[in-house]
């Protein structure tokens, strides 16, 4: 049996592949990245790229040592007897904040808006929309606080998916308050759950002392049954005055801009560095776990990584999950472009000449050529399969005269173009 790709991964395939689906179509990934770039850079974001593997300590601090990601889902990198001090990144935020601190990006005008895309890695149970290597678009704002910054981040996330043509998305919006609000809320949760300790899952028993809020987003059915039975007071009802005013202002901005959302008390973030605004973006087409992605304010993260306090907020969505949602709505993404011109030679004697013409014409546009002689009918069929706009077959007469007869494969119209004018012609067609 031939070697197979690892479980929980996908190949991104070219157009025309026999087993192609929207979420494995390389051009669909490129299109999403292009749309994200357009939307985010219009808002002032700059692209950043960080390594796909980082120091394990960064992720433990940035994601949280008690999270499932760190305890169960990290891929460790080992090499030449190394003890495994590096891991494949499970998310993008910690690496971006690390780069911000290490590269002195605080010297740039604030706020600094950054975006990236790329693969992330988690050793999850594989199911629809959940892979072990998956891809994200990530947006971060560093050096600014306030409700307006938060609302803009949410609006931009919605703006990206709207520009892709996705309609059935919904923002689930919440707030986790300030540190003192969470401290009081955690004390409330400990008092509520401790008498029922034997009914909690093993993971939640561990969380009860260290991070009770994380019980609320437990994946365990027995935990969720207990939460419903105890009628746990939501964090939103425990916000201090400042956090409540901030949340109201975020909502006011979104209302004014026409960004729809549902207030959802179940949105929580258990890590100490999170502050106030938190949200998720959902679509029912993704399946039972309907979140496309989410975001939140993390003013304490830079300090957690050993730097000064830097206000920050960011979000990420999974490209594969977004493609599943687009497919569920029947949204057709543009196919990848073929060559503007396809060249073939009628005989061996013209193959090298056709190659030279193609090499020179590539200064103006995408041009492909056949490595072997082709009869005109075969050449035009090959050009159509490659989705070329124009095709030409070079024989001895065309070579001697220095003129190509270009056929438009959409209309069938033909025209003569001198080789001396070919570059200009292609530039005009490519405009």
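What the table below lists for this structure:
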{"read-out": "Rounded to 10°, Cα long-axis angle of helix 179-193 versus longest principal axis of the chain", "value": "70 degrees"}
{"read-out": "Dimensionless Rg ratio for the chain, taking C-alpha atoms and the 2.2 N^0.38 Å reference", "value": "1.23"}
{"read-out": "Top of 205, 19, 106 by mean-square fluctuation, Gaussian network on the chain, Cα under 10 Å", "value": "19"}
{"read-out": "Angle in degrees between helix 221-230 and the longest Cα principal axis of the chain, rounded to the nearest 10", "value": "50 degrees"}
{"read-out": "Measure of compaction for the range 118-207 (Cα Rg per 2.2 N^0.38 Å)", "value": "1.54"}
{"read-out": "Beta bridges per DSSP with both ends in the chain, % antiparallel, nearest 5", "value": "75 percent"}
{"read-out": "DSSP bridge pairs, the range 341-430: antiparallel proportion in percent, nearest 5", "value": "45 percent"}
{"read-out": "Cα long-axis angle, helix 241-257 against the chain (0 to 90 degrees, to the nearest 10)", "value": "30 degrees"}
{"read-out": "Length-normalised contact order for the chain - Cα pairs under 8 Å, 6+ apart - percent", "value": "15 percent"}
{"read-out": "GNM result for the chain, Cα springs below 10 Å: residue of 342, 261, 371 fluctuating most strongly", "value": "371"}
{"read-out": "Most to least packed among 108-120, 348-360 [average Cβ atoms within 10 Å]", "value": "108-120, 348-360"}
{"read-out": "For the range 341-430: span of alpha carbons on each principal axis (Å, largest first)", "value": "31, 26, 20"}
{"read-out": "GNM flexibility winner over the chain from 122, 275, 190 (Cα, springs under 10 Å)", "value": "190"}
{"read-out": "From the C-alpha gyration tensor of the range 281-400, square roots of 5λ in Å", "value": "52, 22, 9"}
{"read-out": "Value of [θ]222 nm, deg cm²/dmol, for the chain, DSSP H segments ≥ 4, -39500 (n - 2.57) each, nearest 500", "value": "-11500 deg cm²/dmol"}
{"read-out": "Between the range 88-135 and the range 358-431, the alpha-carbon center distance in angstrom", "value": "44 Å"}
{"read-out": "Euclidean distance of C-alpha centroids, the range 176-249 and the range 143-172, integer Å", "value": "27 Å"}
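Each value in this text was obtained by applying a stated rule to the coordinates, not by laboratory testing. The structure displayed is predicted, hence computed values, not measured ones. Here the Cβ is made from the backbone with ideal geometry for all residues, glycine too, and neighbour counts use every protein chain on show.
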